[in-house]
Amino acid sequence: VQLQAYGGGLVQAGDSLRLSCASSKRTSSNNGMGWFRSAPGKEREFVAAINWKGSMSNYADSVKGRFTISRDNAKGTVYLQMNSLTPEDTAVYYCASFLSSSIATTTALVRYWGQGTQVTVSS
């Protein structure tokens, strides 16, 4: 399975971006999916996750209320809508497919990683 993340870019504080993650195989529709991010000098951290049905989601406290994760299993795509971006959101964002159908918040439960897409927020 290959995960292709795209949609990153350079924006100003307060702007919005939508990231997309397309799976090469529809089998990802049976797995929980998520987004993680890595900022320079920091470990990869959890951002958001959604179960395979799309009925449950979870967010890091730092993005709660600003980011929304969703998925379209027919298209094999997961989205991350990011609003009210701040410079602290600057990072490489990675999509992930989990080992199970449920939500995960740790990298240890990731089966597949996407290649990452850069998000840069200027002040």
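The values are calculated or read from the model by the stated rules, or taken from the named source; none is laboratory data. For clarity, every value in this text was computed on a predicted model and none was experimentally measured. Note that each Cβ is placed from the backbone with ideal geometry, even for glycine, and that neighbours are counted across all protein chains shown. All accessible areas refer to the heavy atoms of the entire protein, side chains included, with ligands and DNA or RNA removed. Shrake-Rupley method; radii C 1.70, N 1.55, O 1.52, S 1.80 Å.
In the frame of its principal axes, region 70-123 has Cα extents of 38, 26, 18 Å, reported largest first.
Using the 1.4 Å probe convention, the accessible area of the chain works out to 50 Å² per residue with neighbouring protein chains retained.
Evaluated over the chain, the count of Lys pairs having alpha-carbon atoms less than 28 Å apart is 6 (only pairs 8 or more residues apart or interchain).
The peptide list 94-100, 70-76, put in order of mean Cβ contacts within 10 Å with the highest first, becomes 94-100, 70-76. Given in Å, the Rg to one decimal and the Dmax to the nearest whole number for the Cα atoms of region 33-81 are 11.5, 37. Sorting the segments 55-64, 31-40 by their residues' average number of neighbouring beta-carbon atoms within 10 angstrom, most packed first, yields 31-40, 55-64. Working note: Cα atoms of region 1-117, range along each principal axis, descending, whole Å: 36, 26, 24.
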